[in-house]
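Read the structure below first, then the notes.
The values are calculated or read from the model by the stated rules, or taken from the named source; none is laboratory data. Keep in mind that this is a model prediction, so the values were computed, not measured. Every residue, glycine among them, receives a Cβ derived from its backbone with ideal geometry; neighbour counts consider all protein chains shown.
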Amino acid sequence: MPRNIVDLFRRRGTHDIIRVGSNPNAVAITPDGTRAYVTNGGSETVSVIDITTNRVTDTVRVGRLPSGVAIAPDSARAYVTHGTGSVSVIDTATNTVTDTIELDVDPGAVAIAPDGTRVYITNPWSNTLTVLDTTTNAVTDTIDVDVDDLPNGVAIATDGSRAYITHLAGDSVSVLDTATNAVTTTIDVGDHPSKVSITPDGTHAYITHLAGDSVSVLDTTTNTVTTTIDVGDITGGVAITPDGNRALVANPSNNTVWVIDTSTNTVTDTVPIGHWKWRFSRPAQSTTAVAITPDGTHAYVAQSRGKWVSVITINPARSSLDGSFDPLASPS
């Protein structure tokens, strides 16, 4: 039993808190597991975090309203979307912007094909999906995915054959055949689907909702919703552990992360995010995005109302049993 409220948050909180820029809203980790890239919507920057030390080693100025980030499979480039109508390409060896791709739309989320040849970008206000060729950084296609349905999140199947696009206003998910760039089916999933992540074996997609207080589980073989997990509050970003055993879901309202056991599709843990003092002296920091290291040992959580990224240590010995996280030391 914790002796006091400080011990409680030490044992149930995060082990490190990293100061980044203003309003961090997206985070991606390089496939080689060395760095995390965080878009700071209020600072016009991307913070680069060294995974070993959990320190910001570089800050890249990218321009107005950075809102999404994805890393190429070879870890060589980061693609950053801007709500002002462009995409920045960062060379991760030098952490400099090497290209800026101007679009005729205001992009949102971004995902990269597993073979690294294409970038897929949602454009909520034009109801389209932009496809970039990573060799030339040129737009190769602009796909109408639905009318007036606000495409928001996007994830690519592990074999690269399909893209899954959430529609905030359409209460649905579109499935895109990446060989033909045609929408093959649209699936009703519930109120205001927001973000989507696919399990490593490619069999299921986990979809969060800005309304409905739930997470939908989609069978990617049949393209049907097989389970709706009631979590009791709005849900934000979602990430799956590399072993496929757990889904981590951000809760913007209560500044927590839910842990879902993917074998039972039940919530097994709720992890408070941020320094314990925030719960008494500061407003909620609004957890919005989460990314997991390739070795599955840590999760990086962006808090969009502040200037912070929090780190959760995942206990490998226990995560396969009950989804728990290490009792953690006080934030540094």
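Observations on the structure shown:
- Qualifying residue in the stretch 39-61 (condition: surrounded by fewer than 21 Cβ atoms within 10 Å (Cβ to Cβ) and over 25 Å from Gln303 (Cβ atoms)): no
- Residue within the stretch 79-93 that is in a loop (DSSP other than H, G, I, E, B) and closer than 26 Å to Asp201 by Cα present: no
- Applying the condition of being in contact with an Asp or Glu (Cβ under 9 Å, 6 or more places away or on another chain) and under 18 Å from Val257 (Cβ atoms) to the stretch 13-43 and asking which residue is modelled with the highest pLDDT yields Ala36.
- Evaluation of Asn95 against the conditions (1) closer than 18 Å to Pro66 by Cα; (2) buried (at least 21 other Cβ atoms within 10 Å of the Cβ); (3) polar (S, T, N, Q) shows that the sole unmet condition is (2).
- Qualifying residue in the stretch 197-209 (condition: out of contact with any helix residue (DSSP H, G or I) (no Cβ under 6 Å at 6 or more places or on another chain), on the phi < 0 side of the Ramachandran plot, surrounded by fewer than 23 Cβ atoms within 10 Å (Cβ to Cβ) and at pLDDT below 95): no
- Which numbered condition Asn255 fails, given (1) among the polar types (S, T, N, Q); (2) surrounded by 19 or more Cβ atoms within 10 Å (Cβ to Cβ); (3) on the phi < 0 side of the Ramachandran plot: (3)
- Strands (runs of 3 or more DSSP E) wholly inside the stretch 110-224 that include at least 2 residues being touching a residue at least 24 places away in the same chain (Cβ under 8 Å) and more than 18 Å from the chain's Cα centre (by Cα): 128-133, 138-144, 172-177, 182-188
- Subset of the stretch 95-117 that is of a type in the set (D, E, K, R) and out of contact with any His (no Cβ under 9 Å at 6 or more places or on another chain) - its residue that is modelled with the lowest pLDDT: Asp104
- Some residue of the stretch 270-293 being at pLDDT 90 or above and part of a loop (DSSP other than H, G, I, E, B): yes
- No other residue among Gly63, Gly68 is at pLDDT below 95 and either more than 19 Å from the chain's Cα centre (by Cα) or part of a strand (DSSP E or B) (or both) apart from Gly63.
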